[in-house]
Amino acid sequence: MKFGILINEGPYQHQASDTAYLFCKAAIAKGHDVSRVFFYHDGVNNSTRLTEPPQDDRNIVARWSKFAEEHSVDLVVCVAAALRRGIKDEVLAPGFRISGLGQLVEIGIEADRLVTFGD
């Protein structure tokens, strides 16, 4: 099965990003395809390399970057939501790219299921 993922919440204010990450890992482990993760609303905060969690905490941004590299997953950040929050290409973590809502529409059409995490 081909999954598209939509994340609407930030990395440390809500469980959505952690749950989405674990869902993606489990889906791939079971042989499914996760071709794109789209970050929208406060979810765009998952993409900034300026995030520096304490050493004893999980680094959600780094986890997404590593996941994208290991599994060739497209991490797309909504341009309008990113700019509203001061996120530009210069501050993106590795593996993330900024694009428009057309990328969300495209994965919604191509995927068997579009799974949303966060409000």
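Things worth noting here:
- Euclidean distance between Cα centres, segment 49-104 to segment 27-43, Å: 13 Å
- Cα gyration tensor category, rounded, prolate or oblate, for segment 55-119 with a/c compared to 1.5: oblate
- Here segment 53-119 is treated with +1 on each Lys and Arg Cβ and -1 on each Asp and Glu Cβ, and its dipole about the Cα centre works out to around 220 debye.
- Evaluated with a Cβ-only charge set (Lys, Arg +1; Asp, Glu -1), the chain carries a dipole of roughly 80 debye about its Cα centre, given to the nearest 20.
- Between amide H atoms placed 1.01 Å from N, distances below 5 Å from Arg36 occur with Ile5, Asp74, all of them 5 or more places distant or on a separate chain.
- Taking 17 Å as the straight-line reach from the Cα of Lys66, the lysines in range (excluding those fewer than 8 positions away in the same chain) are Lys25.
- Rolling a 1.4 Å probe across the protein heavy atoms gives segment 77-119 an accessible surface of 58 Å² per residue.
The values are calculated or read from the model by the stated rules, or taken from the named source; none is laboratory data. Quantities reported herein were computed from a predicted structural model and do not represent experimental measurements. Because the Cβ atoms are built from the backbone with ideal geometry, glycine has one as well, and the counts that use them run over all protein chains shown. We work out accessible area using only protein heavy atoms, side chains counted, and drop any ligands, DNA or RNA first. Shrake-Rupley method; radii C 1.70, N 1.55, O 1.52, S 1.80 Å.
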